[in-house]
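Here the structure comes first, spelled out in structure tokens, and everything after it is commentary.
The values are calculated or read from the model by the stated rules, or taken from the named source; none is laboratory data. Keep in mind that what you see is a predicted model, and the values were worked out from it rather than measured. Please note: Cβ atoms are built from the backbone with ideal geometry, for glycine as well, and neighbour counts cover all protein chains shown. Protein only, heavy atoms only, side chains kept; ligands, DNA and RNA dropped before computing areas. Shrake-Rupley method; radii C 1.70, N 1.55, O 1.52, S 1.80 Å.
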Amino acid sequence: MRESRAAVAAGALAAGAYGVGLAVQGGRGPTERVVPLHAHLWDLVHGETSGDLLFNWGSGYGVPFLPDLFGSLLNPFSWLVVLLPRSAVGVGVLLATLLSIGLSTALMTLFLGRLRAGSPWLRGLLAVGYGLCGWVLVDGAGRPAWLWGPVSLPLLCLAFDRALRRERWGLGTLCVALAWTGDFSIALTATLGAALVLLLRLVLAGDRPVRDRLRALGRAVGMTAVGVGLVAPVLTVTFRAGRAAQPVTALRPGTPGLTDYLAQTLPGALTGGLSERALPNVFVGVLGLLLAAALPFHRAVPWRERAGWCVLLALAALSFAWRPAILLWHAPAAPEGDPYRSTFVLSGLLTMAAWSCLARRPDRVALAGGVAVVAVLALVARGHGSVRPITWVLLGVGVPLAVAALLLLVRGPRRVAAAALTLLVLAGSSWTVTSVTPPHGPRPDETQVRAARDAIRGSDHWPTGRTDPGPARFTADDPLLIGGEGGGYDSPYLPAVTAQTLHALGAGWSAQGRRTQSVADPVGQALLAVRGVLDPRLTVQQRPAPPLVTVHAPTVLDTSSVWSRQQALLGAEVYRIPVPAPFGSPAPTDHGSSGWSIPPVPPDGSPPGFTLSCPPGGTAYFYGPWFDGTVTGPGGGFSSAGRQNATAMPIHLLGTVPADGVVRLELRSGADSQVPALPVGCLDEAALSAAVARLTAGGAVAVRAGGHTISAALPAGSAGTAVFSLPVVPGWQCAVDGGPDRAPQSAEGLLAVPLGAGASRVACDYRQPGLMDGLAVAAAAAAALLTVAAGAWWQRRRLSRR
């Protein structure tokens with residue numbers, strides 16, 4: 001009972017310190033992706049969205065949702081948002097963050113007691129440093145899915161402790177399964193860390209026979225295999241979705257310098273933003289650092305234990321500086337965006353080493369050695385950019401106070417010492433949170449979010465057509481936040497088919513294609529059945545568009561440019577696509593079908609550009625996805641921020657073609673840039689209206705959509721190909737007039753179903769790749785667990801009878 005009370009109190013202390021620090025800072029944590037996902041979870045539970053757990057009709061013009069659910073929403077505390085009003089989803093994310101920090105601290109408190117007996121409250125104070133370590137504050141805060149990693153490490157250590165002590169194998173297996181319900185790379189990281197701790201404990205258990213130690217290892221391996229098998233659907237679904245996702249170039253860090261690395265162990269040390277970070281965030285607070293540094297000098301700790309912890313810490317630290325080891329921590333590929341996503345394991349190992357020292361009450365010699373090591377670290381780190389003023393304050397005030405309180409534990413009133421350490425940990429942790437937690441910009445105005453959501457709901461065209469939230473107004477995931485059916489989608493599991501299809505049709509993207517945008521031009525919107533678009537005044541502008549399912553006759557059209565690809569899907573010529581005539585000093589360089597190189601504007605030269613011939617009165621559009629600079633056309637100028645592969649700009653309006661039919665396009669850039677071979681298309685609005693009317697007349701007379709199904713009633717005898725205005729992501733199966741299910745075809749990336757000689761109905765349903773395989777493995781693992789449990793019960797029954 002005392003253990004449980006101490007664990008709960010430690011968790012409350014860590015969560016309270018984080019809350020106080022965040023309140024002083026005035027922030028609530030990240031919102032860009034986390035809040036929209038939780039808002040969508042709220043909608044799913046309350047029946048306020050058109051999709052279901054398998055499919056999301058709102059984002060990316062139709063994408064799978066189960067991978068995002070498994071990868072970002074399986075922290076149990078994330079589901080607390082469904083108990084709050086939708087307008088308080090951000091508060092729910094903050095609550096999930098606080099509870100995750102508290103739980104990780106409580107579990108670490110319990111595990112330290114299994115590692116070595118000692119004061120539960122002192123263990124709790126060390127665990128607070130782990131719960132609020134540098135990785136949690138800088139990388140994980142506000143991301144409940146990531147924060148399940150610091151929970152999983154002590155949870156897995158407790159599970160392996162049961163294997164070591166031959167206690168409740170089934171319960172340990174369930175703990176493993178619970179740890180693996182979150183993000184795959186985070187779970188793998190925590191498992192590797194717990195395995196290292198188990199191996200060290202087995203090595204240090206010299207009084208046990210080798211056979212017993214091997215059996216304990218075997219029990220832990222079996223526990224891990226069955227526990228992971230129980231949550232196999234999470235792994236198989238996210239693995240298959242990851243393989244089908246838009247590929248990106250992973251961040252490949254260089255080897256950090258030794259002094260830079262050591263500086264990260266100091267409390268409050270912080271590197272730059274995510275894109276600039278080249279070092280892991282390791283610190284665990286003043287108390288944990290001092291005690292870990294004192295461990296090598298603590299003669300009351302057996303030399304084998306001291307050496308074991310020192311070697312383990314050194315190897316773990318070095319593994320984050322060697323690329324093959326970084327890949328091992330994160331499975332076969334380095335993680336997107338952050339190469340040090342497993343750093344919390346090193347913080348956990350530091351905390352365990354610190355407890356090995358504190359459990360035996362360090363004397364003056366040990367503490368003097370620890371102070372000397374910390375002083376050397378401070379001296380080495382002096383002048384490094386990651387060391388901030390708070391570091392010197394925490395060291396200058398915290399180290400002397402910690403030393404005095406630790407000496408009182410040996411000779412003095414222990415309650416006074418414990419109270420002093422508690423105040424030190426609470427004050428230092430709160431101040432560190434205030435100083436270190438990165439700001440995340442202003443939150444979306446809730447009044448505007450509600451107004452936008454109401455406007456979209458009041459003009460809903462689904463499933464006959466779409467109401468598009470338009471370009472990212474609040475977040476990159478506006479369809480999840482405010483509703484509608486748009487192209488905005490931000491996910492590591494964004495299907496490559498979706499990204500490439502929208503890009504080929506002229507939509508923009510960022511994050512190397514894992515953050516797509518809505519189409520912004522009339523033809524693209526017509527192709528994707530967009531019948532309403534939210535404008536900057538938060539009102540929905542209506543526009544004509546064909547139904548979501550249209551019927552196309554077999555045609556062969558040129559698809560060499562974005563304009564011709566749009567016309568191929570539209571089945572009509574609506575653009576005049578002029579051949580560019582370059583001008584400027586220097587002028588653009590022609591590379592044939594690869595496009596044009598645009599030189600920078602020299603101080604004494606004229607800006608490069610093109611003259612193009614179009615029918616007077618038409619509407620000119622520009623497409624230069626990778627161009628970075630200023631574009632000037634008939635309607636004025638605008639800025640373009642394209643960057644090859646990373647950021648693609650969408651089709652942009654240039655203006656009305658002048659009466660002389662000459663479009664003059666100027667491209668000013670500060671560096672060499674690139675545009676396609678045919679960067680301008682001149683739209684004939686009347687031809688577009690006629691094409692839309694023709695597709696509407698021959699398209700679906702009724703469209704029905706379920707959570708992950710869609711069907712269309714067609715005019716009797718429809719022949720050709722039924723084209724659905726949604727990307728043909730893997731997993732769709734379609735049938736014509738109730739016939740057998742078949743995989744659909746692709747029409748420029750959109751879902752297409754051949755109708756044969758004539759048909760009147762076409763229906764498709766989405767089946768998540770990898771789900772059935774995972775369920776089969778989970779069933780086998782459950783059978784194994786039940787078999788072991790039944791065998792244990794039968795054995796206990798036989799023993800009781802005897």
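Does anyone have the angle between helix 414-436 and the longest principal axis of the chain? Alpha-carbon axes, 0 to 90°, nearest 10? With rounding to tens, the tilt is 20 degrees.
Relative to the globular-protein estimate of 2.2 N^0.38 Å, the Cα radius of gyration of region 11-110 stands at 1.19. Computed on protein heavy atoms with a 1.4 Å probe, the accessible areas place 610, 583 in the order 583, 610, largest first.
Using the Kirkwood formula on the Cα atoms of region 428-538, what hydrodynamic radius do you get, in angstrom to one decimal? Working shown, then result.
Working: mean 1/r = 0.0654 Å⁻¹.
One over the average 1/r among Cα pairs gives 15.3 Å for region 428-538.
Accessible-area rank, largest first, for 68, 773: 773, 68, with all protein chains present and a 1.4 angstrom probe. Overall, the ratio between the Cα radius of gyration of region 573-622 and 2.2 N^0.38 Å, rounded to two decimals, is 1.34.
FRET efficiency for the residue 597 to residue 392 pair, using the beta carbon distance and R₀ = 60 Å, is estimated at 0.70.
Recomputing Rg/Rh (Cα atoms, Kirkwood Rh) from the coordinates shown identifies the correct label among [x] 1.02; [y] 1.04; [z] 0.97 as [y].
The alpha carbon centroids of region 550-599 and region 610-672 are separated by 14 Å. For region 598-604, backbone phi angles converted through the Karplus equation (6.51, -1.76, 1.60; θ = phi - 60°) give residue-by-residue couplings of 9, x, x, 7, x, x, 10 Hz, Gly and Pro being listed as x. Between the amide H of residue 183 and any residue lying 5 or more places away or on another chain, no distance stays under 5 Å, with hydrogens modeled in the peptide plane. Residue by residue, region 343-354 carries 3J(HN,Hα) couplings of 5, 4, 5, 5, 4, x, 5, 4, 5, 5, 5, 4 Hz when phi is fed to the Karplus relation 6.51 cos²θ - 1.76 cosθ + 1.60 (θ = phi - 60°); x denotes Gly or Pro. Per residue, the average separation of C-alpha pairs within less than 8 Å and at least 6 apart gives the chain a relative contact order of 14 percent. Heavy-atom surface analysis with a 1.4 Å probe gives region 670-802 a carbon and sulfur content of 59 percent of its accessible area.
Remark: the chain carries a charge dipole of roughly 4900 debye about the Cα centre, counting +1 on each Lys and Arg Cβ and -1 on each Asp and Glu Cβ.
Accessible area per residue was computed with a 1.4 Å probe on protein heavy atoms; residue 623 scores about 10 Å². Per-residue ellipticity at 222 nm computed for the chain from its helices equals -15000 deg cm²/dmol, with DSSP H segments shorter than 4 residues left out and the rest contributing -39,500 (n - 2.57).
When only Cα pairs under 8 Å and 6 or more residues apart are kept, what is the percent relative contact order across region 598-745? Each step should come with its number before you reach the end.
On the way: 250 pairs, mean separation 34.5, N = 148.
Result for region 598-745 is 23 percent.
Projected label points at residue 579 and residue 630, each 7 Å from Cα along the beta carbon direction, are separated by 3.2 nanometres. Residues whose amide H comes within less than 5 Å of that of residue 52, counting only those at least five positions distant or on another chain, are 57 (H built at 1.01 Å from N in the peptide plane).
Per residue, how many Å² of accessible area does the chain show with a 1.4 Å probe?
On the way: 31700 Å² over 802 residues.
Per residue, the chain has 40 Å² of solvent-accessible surface.
Length gained on full extension, residue 443 to residue 165: 95.2 nm, using 0.36 nm per residue less the C-alpha separation.
Arrange the peptides 55-66, 732-743 so that the one whose residues have, on average, the most other Cβ atoms within 10 Å appears first. Kindly include the intermediate steps, with their values, before the conclusion.
Details: 55-66: 28.3, 732-743: 14.6.
Listed from highest to lowest mean packing, they are 55-66, 732-743.
Note on residue 559 and residue 84: the model spin-label points, each 7 Å out from Cα along the C-beta direction, lie 4.6 nm apart. Remark: accessible surface ordering of 77, 283 (largest first) is 77, 283, probe radius 1.4 Å. Taking the C-alpha atoms only, the angle from helix 184-204 to the longest principal axis of the chain is near 20 degrees.
Taken one residue at a time, the phi angles of region 563-570 give Karplus couplings (6.51, -1.76, 1.60, θ = phi - 60°) of 5, 6, 5, 5, 5, 4, 6, 6 Hz. Gly and Pro are set to x.
Expressed as a whole percentage, what fraction of the accessible surface of region 1-92 belongs to carbon and sulfur atoms when a 1.4 Å probe is rolled over the protein heavy atoms?
Result for region 1-92: 64 percent of the exposed heavy-atom area is carbon or sulfur.
Would you mind checking which residues have amide H under 5 Å from residue 655's amide H? H placed 1.01 Å from N; only 5 or more apart, or other chain. Under 5 Å from the amide H of residue 655: 620, 635. For region 117-191, the set of trypsin sites (Lys or Arg not before Pro) satisfying both a DSSP loop assignment and a count of at most 11 other C-beta atoms within 10 Å is given as 166.
Counting only protein heavy atoms and using a 1.4 Å probe, the accessible area of residue 660 comes to about 110 Å². With respect to the chain, whose longest principal axis is taken over its alpha-carbon atoms, helix 34-45 is tilted by about 80°.
Dividing the convex hull volume of the alpha carbon atoms of region 629-687 by its residue count gives 106 Å³ per residue. Measuring from each cysteine beta-carbon in the chain, the ones with no other cysteine beta-carbon under 4.7 angstrom are 133, 157, 175, 310, 357. In the chain, a dipole from Cβ-located charges (positive for Lys and Arg, negative for Asp and Glu) runs towards its positive end, and of 757, 347, 705 it is 347 whose Cα lies farthest in that direction.
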